[in-house]
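To keep things clear, I will list the structure first and then write my remarks on it.
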Amino acid sequence: MTRPQIICHMHMSLDGKIVGSYLPTDVGMASQREYYNLILGTDRHYRQHKGWLSGRISSEDNFTHYRAPRLDESVSPVPSGDHIADPDAPMHYFSVDPSGRLAWEGNTIDYFETTAHIVEILTNKASNAYKAFLRAQGISYLIAGDDSLDLHEAVRKISELFDVRELILGGGGGLNWSFVLAELCDEISLVITPAADGTKDAQSIFEADGRYTTAVPTSFELHHADRLDDGSLWLRYAVNGPIE
Ligand SMILES: NC(=O)c1ccc[n+]([C@@H]2O[C@H](COP(=O)([O-])OP(=O)(O)OC[C@H]3O[C@@H](n4cnc5c(N)ncnc54)[C@H](OP(=O)(O)O)[C@@H]3O)[C@@H](O)[C@H]2O)c1
């Protein structure tokens, strides 16, 4: 399969957590801005991509806040297959949502100065009513898998339909680990914020989820280490794979 270069781009605290009260502080926000600039700023480092991919929980936490979508169960059947609502959108938010649960209220999301068109990545578990809900709002969707998400199919469709040579994998930890174990991650790009809050049990960049993945010793190879303007550390690793 021809697939894009996939870069897992994440920011985390000094104690390795990707969520927590350190994030909205001045130090946390300055680091998040550096993180944003690397993929979406005017002088960004990653220039070949047309958007980033996130898991359903990340979308709930950041955008849809666990609301339930208001669906019309009696709506007429929608055409089968994928649906591209805005073929000219310059930037996309690829939203993994296998069952069709996210209660979007529009067809874009805003992240600092970037507006990105929403592309839902569904499976055949998503209902006709949910697909009609997306169509009515001008949201695009792709179908990858029957009962569970087919990651390779999702990447193939994103690559072909959006002519993408580079794809940013933007978390959370569950989705990231699935991509690493599926050998669908080429680089880890990690912005380490010079802050921590000590929260026990907060998530890290990789989380084995019993439904999809297990814990597997895996090695990475550091190829760049840079200090960013705010004092964050930017580390880039190649993914070696499981350690024998
Ligand atoms: N610091 C950062 O850089 C950063 C970046 C992004 C996110 N985050 C944070 O990370 C947290 C969410 O992480 P998370 O790990 O709980 O959730 P996640 O990775 O955002 O989403 C996981 C969900 O994706 C769906 N999914 C489908 N197939 C999957 C597969 N093969 N592997 C993994 N997920 C699959 C499932 O949805 P269903 O349950 O609907 O089946 C699953 O529950 C949020 O709090 C967010 O704010 C931090």
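The values are calculated or read from the model by the stated rules, or taken from the named source; none is laboratory data. Just so we're clear, the structure is a prediction, and the values are computed from it rather than from any experiment. Backbone-built Cβ (ideal geometry, glycine too); neighbour counts: all protein chains shown. These area figures cover heavy atoms from the full protein model, side chains too; ligands, DNA and RNA do not enter into them. Shrake-Rupley method; radii C 1.70, N 1.55, O 1.52, S 1.80 Å.
Some notes on this structure:
- For residue 173: the one exception among (1) among the small types (Gly, Ala, Ser); (2) out of contact with any helix residue (DSSP H, G or I) (no Cβ under 9 Å at 6 or more places or on another chain); (3) in contact (Cβ under 8 Å) with a residue 12 or more places away in the chain; (4) more than 14 Å from the ligand (Cβ to nearest atom): (4)
- Just one of (1) over 24 Å from residue 10 (Cβ atoms); (2) away from the ligand (no atom under 11 Å from the Cβ); (3) open to solvent by 20 Å² or more (accessible area, probe 1.4 Å) fails for residue 156. It is (1).
- Selection over region 159-170 of residues that are open to solvent by less than 20 Å² (accessible area, probe 1.4 Å) and without any contact (Cβ under 8 Å) to a residue 60 or more places away in the chain gives a count of 0.
- Pairing residues of region 81-104 that are in contact (Cβ under 8 Å) with a residue 60 or more places away in the chain with residues that are among the polar types (S, T, N, Q) and crowded, with 16+ Cβ neighbours inside 10 Å, at Cβ distances under 9 Å and at least 6 apart in sequence or on separate chains, gives 82/140; 84/140; 92/140; 94/54; 96/54; 96/58; 96/59.
- Among the conditions (1) open to solvent by 60 Å² or more (accessible area, probe 1.4 Å); (2) without any contact (Cβ under 8 Å) to a residue 40 or more places away in the chain; (3) within 16 Å of the ligand (Cβ to nearest atom); (4) not small (Gly, Ala, Ser), the only one that residue 26 does not satisfy is (3).
- Of the candidates 201, 197, the single residue that is touching a residue at least 60 places away in the same chain (Cβ under 8 Å) and open to solvent by 20 Å² or more (accessible area, probe 1.4 Å) is 197.
- Hits in region 131-166 (condition: aliphatic (A, V, I, L, M), over 25 Å from residue 105 (Cα atoms) and touching a Phe, Trp or Tyr at 6+ places or on another chain (Cβ under 8 Å)): 151
- Here 188, 143, 168 are screened, and the one residue that is farther than 25 Å from residue 20 by Cα and more than 9 Å from the ligand (Cβ to nearest atom) is 143.
- Any hit, region 215-230, residues being within 13 Å of the ligand (Cβ to nearest atom) and either modelled with pLDDT of 95 or more or in contact with a Ser or Thr (Cβ under 6 Å, 6 or more places away or on another chain) (or both): no
- Scanning region 178-223 for residues that are part of a strand (DSSP E or B), within 19 Å of residue 242 (Cα to Cα) and more than 15 Å from the chain's Cα centre (by Cα) returns 218, 219, 220, 221, 222, 223.
- Residues of region 177-194 satisfying the condition of being more than 25 Å from residue 3 (Cα to Cα) and open to solvent by 20 Å² or more (accessible area, probe 1.4 Å): 192, 194
- Count of residues meeting criterion [crowded, with 16+ Cβ neighbours inside 10 Å, aliphatic (A, V, I, L, M) and away from the ligand (no atom under 11 Å from the Cβ)] in region 76-101: 4
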